[in-house]
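What follows is calculated from the coordinates using simple rules that are stated; it is not laboratory data. Since this is a predicted model, take the numbers as computed values, not measurements. Cβ coordinates were reconstructed from backbone atoms using ideal geometry, including for glycine residues, and neighbour counts include every protein chain displayed.
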Amino acid sequence: MPSLEYATRCWCAATSVAAAGRRSGQPQPLLAAVHEALDDLVGAKLFTVLKTLQDGSTERIYTSDPVAYPVSGRKPRNVTSWYEAVILARRHFLGPTKDHIRAVFFDHETIFGLGCGSVINVLVIHDDRVLGAINMLHEEHWYRPDHLETAEPFAQYLVPVLA
């Protein structure tokens, strides 16, 4: 059970994200607010948002590191065991170690070079479709299952951005 202080922080973050969704100039205010909220509540050395395109490829629409992972970067659909277990099964992914990252991400050396060794991929799902994902990376052993639980509701704020 989360502490009252943590629950209050979550509530304040949620209301801040909701307010950002009402601002003009979308989608940047909403994406930035979700990033800020999750960085505060969960933590991330690297934070990106990917949008799933019609052909199954993904496009990066938000990044905290535009040099290593620029906006508009694309990844082709690659049907791997990770793709089947996460995207097709619609399950968020927790990879707490460098071994998990190495096993599923071709760009693992770039990830390690940023000081990251754990990852969570939080899916944005609407009408039983994966619209995209929030990807958060941090030092090895940073992420735990409760981080996925915290991040999931914030991912759903991105439905209008990714739909």
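What the table below lists for this structure:
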{"read-out": "Value at 222 nm in deg cm²/dmol, rounded to 500, when DSSP H runs of n ≥ 4 in the chain each add -39,500 (n - 2.57)", "value": "-11000 deg cm²/dmol"}
{"read-out": "The stretch 31-145: relative contact order as a whole-number percent, Cα under 8 Å and 6+ apart", "value": "28 percent"}
{"read-out": "For residue 84, net neighbour charge (Lys/Arg +1, Asp/Glu -1) across residues whose Cβ lies under 13 Å away", "value": "+3"}
{"read-out": "Test item: Cα-centred dipole of the chain, Lys/Arg +1 and Asp/Glu -1 on Cβ, debye", "value": "380 debye"}
{"read-out": "Set of aspartates and glutamates with alpha-carbon distance to residue 51 below 13 Å, sequence-local pairs under 8 removed", "value": "59"}
{"read-out": "Relative contact order of the stretch 107-162, defined on C-alpha pairs under 8 angstrom at six or more residues apart (%)", "value": "36 percent"}
{"read-out": "Among 69, 83, 143, residue whose mean-square fluctuation peaks in a GNM of the chain (springs only between Cα atoms under 10 Å)", "value": "83"}
{"read-out": "Cβ-derived FRET efficiency at R0 22 Å, residue 152 paired with residue 88, nearest 0.05", "value": "0.75"}
{"read-out": "Residues of type aspartates and glutamates that residue 98 reaches as a straight line, Cα spacing below 19 Å, ignoring anything fewer than 8 places off in the same chain", "value": "107, 109, 139, 140"}
{"read-out": "For the stretch 6-51: rounded, prolate or oblate by the Cα gyration tensor [a/c cutoff 1.5]", "value": "oblate"}
{"read-out": "Cα gyration tensor shape for the stretch 54-163, rounded if a/c is under 1.5, else prolate or oblate", "value": "rounded"}
{"read-out": "The stretch 17-81, relative contact order in percent, only Cα pairs under 8 angstrom and at least six apart counted", "value": "20 percent"}
